[in-house]
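The structure appears right after this line, and notes come after that.
Values quoted throughout were computed directly from the atomic coordinates according to the rules given, and no laboratory measurement underlies them. Note that this is a predicted model, so its numbers are computed, not measured. Note: ideal-geometry Cβ built from the backbone for every residue, glycine included; neighbour counts use all protein chains shown.
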Amino acid sequence: MTAYAQNGSSQGCVADLHTGSNQCGSPLDSYLLESTNKLNEITELVTRGKTVDLDSHHWMLAQVDFIIEAVGDDSLELNEEVRSNLLQLLLAVANLNEHIRHQAFLAR
């Protein structure tokens, strides 16, 4: 299973969640931190009234796919905290996406 960067390419140390050894620490913890930071950057742009570029929007949608795949993967043993953090990130992406859609509707 692979996490996707803003441009759709695999992110270095979080690329394979099924490998046990990772120099960057827990793959999901790294993924959650990096994704949350990226989502916060996009949210800040939206808050300032800026338009989200296509790459950022594709990145957001790729995170949704990844989170759904991770939560549904029975071979991954996710503790409750990680599962909760993944679902919080999913909700944050969904809320931001809805905010972007609302802004686009008002701009018409």
Review point. In segment 37-65, which residues are among the small types (Gly, Ala, Ser) and closer than 22 Å to Asn85 by Cβ?
Key: Ser56, Ala62
**Study point:** Qualifying positions in segment 66-93 - in a helix (DSSP H, G or I), in contact (Cβ under 8 Å) with a residue 24 or more places away in the chain and not aliphatic (A, V, I, L, M)
**Key:** Phe66, Glu69, Asn85
